[in-house]
Structure formats: C-alpha cells, structure tokens
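Below is one structure, written out as structure tokens, with a few remarks after it.
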Amino acid sequence: MSKPPPSMNNEIKALNPLISDPKRCTAPEVPDLLKPNCKSFQESQNVDTSILDPTVVKSDYIRFVLDKKGILHSNSKISLRMKLSGTSHKAFFPITTGVNAIVKKCVLRAGSAILDSTDQYNVLSAYENLMLPNDTVVRKEAIKSGMVGAYKSSKVPTMTNAGVPNGNEDPSETALHIGRDFALTLDANGTSSRADNKCPVTLHEYQDLRDNSEYVLELSTLFKSLRFTQLPLYMIEQPVIIELFLETKNTDRLCIPKDQASTPTFELDTTSPKLIADYIYYSSATMNAFAESNPLMTLPFFENQLIRTNINYDTTPNLVRNLGGAGKAVNMVKICHTDLVTNSSNSLINRYKSEVGDASRDDVSYNLRVNDEFLFPVDIKNPVEQYVNTISAEGMPLNIIGREYDAHLGNEFSAKELLELHSPDDSMEGQKRWMTIYNLGGARINNRGIELHMNVTDGGDHDLNQLVWLQMSKTLVLANGRFSEVYN
C-alpha cells in the first residue's frame, strides 16, 4: 500500500523568482534532483538547449509540445513578437505587466492531467509584479518583457510656463524610473516647443511596439510551481504540453501616449513564437538510478482556481458570495476588481489594476468565513491593515509607493515628470488598494466552502468584474510515466 501524498499546508508559497528559499533544498516532498538551484545536490550537470517551434499557433492561441528528454529547466522561456497592422501610431505594453498583458490563460499539462494553470493571468501578473525589486525591473524586465514600473527620486528644473529652465531645481519627488532621464526640447534661442512647465519622458525604442522587438515569457513566471519543482521529462510517457490563450481585445493588450488620436492594432506575429527549452542532464547512471528508485513519485503543485462574477456595488452594496473550495486545502485567497466597460488603453497600465469604482479609503470592508468562522473578528476596513495582511500572506513586501496602494498614503508622483505625456498619478495612484490577499495556511475547507463578505458604500454605478483566485495545493502523482492529480 503506497503512502498518501504529503500535505503541503503552508510549507509552499508562491515564491519570488529572485529570492532563494532554503525550503527548496530541505523540503522532503521534492527530490533533490528536481529542485531548481539546489546547492545540496553536488553532482555536475550538463544543459542542452533546444529552440522549439509551436505545434499550433494562431492569433489567439499557442501550443508547444516538449521533447521527452532530460529534466526541464525552470528558467526555460517563450519568445515572441507583436506586429503592427494598418497604422503607424505608437503603442506600448502596460508598464506594470509588459508582455504578460497578452496572456489571458496559461496551461501546463501532461496528457489530460493539468499540472498548473492560471486563468486571467494578465490581471494576476500585474499584482505579482509588484513584488519584483526596482533594480530587477529596470535592468531586466524593461528589456525582457517591456515592463517599466520602477521608481526613483527625481529632481526636475524649475521652469517658466513656457517650458524654459530658470536655473533652479524643484525639491525631490517620486517618479517612474525607466532607465532614462527626461528630455527638454529647446531651439537655438532657448525656446521650448512645449507651452508648459512639464518634463516629458519617452520609453526606450525597444519598448515601442512599432520596433518589432522580441519579448520573453519565463516558464517559472507563467507556472509558479516550476519555481521549486523541475519536470523529469525523460520519465514522462505522456506528451507535456504548454498552452497559451491570448487576449483577443486589441485595446486590452496595449497602451498609447496621452491623448493620441488613434489606437493602433497590434497582433501576434505568428511566425515569431519559439520555446527556448533548457534540458538538464546528469550522468546516465544517476538518471537511470533515479528513475528506477522513483517508480511512484509525488510532487507538490498549485492550482489557481478562478471564480468570477459581474457586480455593481451601487445596486448590491452588501455582498455575500460563496467562493467554493469545499474539501480542498486552500493556501491563499486573492481578490481583484476590474472594469468591464471602459477602454483604458489611453493610460499607463490599461485595465491591469484593481479598484472598486468610486469607493475611497473607508468605503470598503472585507471578511472571509472559513469553516464556519470569520477569519477576522471585525471586518477589515483600514487599507493599511489590508496591506499588512497582503505582505504577511506573501512573506515579502510590495515594492510600490504608499500612494499607489492607497491614494491617501504617502506622497504623490511628481506632477512635472510625464511618461509618454501621462501623469503617473492619473494612471497609478490608489489602484492596487483593492487587491487583498488572505493566507489560510493550507486549511482544509469544509462542505460549506469559503464565503466572501463585502460591504461597499459610495462605489458608484460601475459594472465591475470581481475576480477571486483560490490558490489550492494539490499533489501530482507520477506513476509508471503517467501523471494523475490528487487534491490534498
């Protein structure tokens, strides 16, 4: 009789890809051979890289089938390009998501078994990117994915309303950091082409979608489980498949400079997608011995179950909603609200934000009922307390300024340094305020499921899409080369 799959409880969390967690090397659930960057495994390794074409590629769908060889390295990547259709007007990816904005759903499966999957990935990634350090965003993500949501302390020259510097500087203010400074356009007589005191900043050429730059999606970002478990492809008899379902609405894929007259159409260059797959090899004796000694292997993975509903808090100010999860071990609950109607392409972050209509600081309260008890004795209303709950659940801070989380916290963005002529305050302040995460520590949910209790006052007449992800722990059982799913 085989032993039951181990319960992960709160041992496994969504890990920041840039932080080395020692649990990767000490957790007994994952064999050392399959742990990314595990220093406790000393044998030298060889890495072979293959560039794979998709088996299916359309404007809204990409499918790759992995070779049955070696161990899939978690840092493998998918590269692709967007192409311009019909107009030469400028566009760029939303600055807090980058190329992730085009991925609506991502699926990793072996045969019919779903290993890892996230629906509405583009919305969720806007939140997850908040945990990336500033220097990573500027030096890596800006080039790799087109994301530029980092911050700096900025000093701009004091100028007349004719846009001409007068030799002084304003006090330091917070501004967006894209790796380049503002540019003042003055003619030979020192006259500005702008009739105001603003300092415009433009994105790099490689972030302009007209430049046909190649962008990269990392598998360990698409599929969080790969951050701590690498797949032994040589032991899997089923075809291992990666599927990307792409965002089809043009205005939800991109952003344009402030008040640009036209929104151009960009679509996937179907000749461009490639899977840059790295396969890890150890000695034949080691890999054969590992396969022979592990005919039955259990690997911990996640499943992000999405529950969505349309809501208008003007007509439904008090909401009690069952989120499901009955009989499952749930690690975290992630809540987000997006606008269903508004075209948000004339901004810096498009719709990849979370806000409850017109509701302000004290207009929203939350609570969760789990296993017949409320998670908090009093509904959470203070945004600072919501922020603390979020960083406690993730185990790391959000790398954002206070005003971006809640419009009443911290300083405003600089009013003078504009990015693509957009004021950062107009696009970003207070937008992450409503993304709230509760850590349930892998609690087993009873038959009643999880209940979300919300009260919203002064939310306004807005049709919103409420998205809730339940991060469930499950175990993948690999027996005789075939995967099956077992929920913990």
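List of remarks:
- Residue in segment 376-390 that is assigned to a loop (DSSP other than H, G, I, E, B), open to solvent by less than 30 Å² (accessible area, probe 1.4 Å), closer than 28 Å to LEU176 by Cβ and modelled with pLDDT of 85 or more present: no
- Any hit, segment 467-487, residues being modelled with pLDDT under 80 and either over 25 Å from ASN122 (Cβ atoms) or in contact with a Leu (Cβ under 6 Å, 6 or more places away or on another chain) (or both): yes
- Here the strands (runs of 3 or more DSSP E) wholly within segment 107-186 that include at least 3 residues being open to solvent by 30 Å² or more (accessible area, probe 1.4 Å) and over 25 Å from MET428 (Cα atoms) are 165-169.
- For segment 266-296, the set of residues classified as open to solvent by less than 50 Å² (accessible area, probe 1.4 Å) and under 30 Å from the mean Cα position of the chain (by Cα) consists of PHE266, LEU268, ASP269, SER272, PRO273, LEU275, ALA277, ASP278, TYR279, ILE280, listed by residue number.
- Sole exception among (1) over 23 Å from the mean Cα position of the chain (by Cα); (2) of a type in the set (A, V, I, L, M); (3) under 22 Å from TYR61 (Cβ atoms) for LEU233, by number: (3)
- Whichever residue in segment 393-409 is touching a residue at least 60 places away in the same chain (Cβ under 8 Å) and small (Gly, Ala, Ser) and, among such residues, is surrounded by the most Cβ atoms within 10 Å (Cβ to Cβ): ALA393
- Candidate set from segment 47-59 (those that are open to solvent by 60 Å² or more (accessible area, probe 1.4 Å) and in a loop (DSSP other than H, G, I, E, B)); member that is farthest from TYR282 (Cα to Cα): SER59
- Pairs, first over 18 Å from ASP67 (Cα atoms) and open to solvent by 20 Å² or more (accessible area, probe 1.4 Å) in segment 223-246, second among the aliphatic types (A, V, I, L, M) and assigned to a strand (DSSP E or B), C-beta under 8 Å, six or more apart: PHE245/VAL103; PHE245/VAL107
- On the stretch given as segment 318-366, residues that are assigned to a loop (DSSP other than H, G, I, E, B), β-branched (Val, Ile, Thr), more than 18 Å from TYR121 (Cα to Cα) and open to solvent by less than 10 Å² (accessible area, probe 1.4 Å) total 1.
- For segment 187-219, the tally of residues that are modelled with pLDDT of 85 or more, open to solvent by less than 40 Å² (accessible area, probe 1.4 Å) and of a type in the set (Ser, Thr, Tyr) stands at 2.
- Residue tally, condition within 24 Å of HIS204 (Cβ to Cβ), open to solvent by 30 Å² or more (accessible area, probe 1.4 Å) and at pLDDT 90 or above, over segment 68-89: 2
- Unmet criterion (only one of (1) within 26 Å of VAL56 (Cα to Cα); (2) open to solvent by less than 20 Å² (accessible area, probe 1.4 Å); (3) not hydrophobic (A, V, I, L, M, F, W, C)) for PRO257: (1)
The values are calculated or read from the model by the stated rules, or taken from the named source; none is laboratory data. Treat the numbers as computed from the prediction; the structure is a model and nothing was measured. Counting neighbours? That spans all protein chains shown, and the Cβs are built from the backbone with ideal geometry, glycine included. Keep in mind that these areas ignore ligands, DNA and RNA; they rest on the heavy atoms of the full protein, side chains included. Shrake-Rupley method; radii C 1.70, N 1.55, O 1.52, S 1.80 Å.
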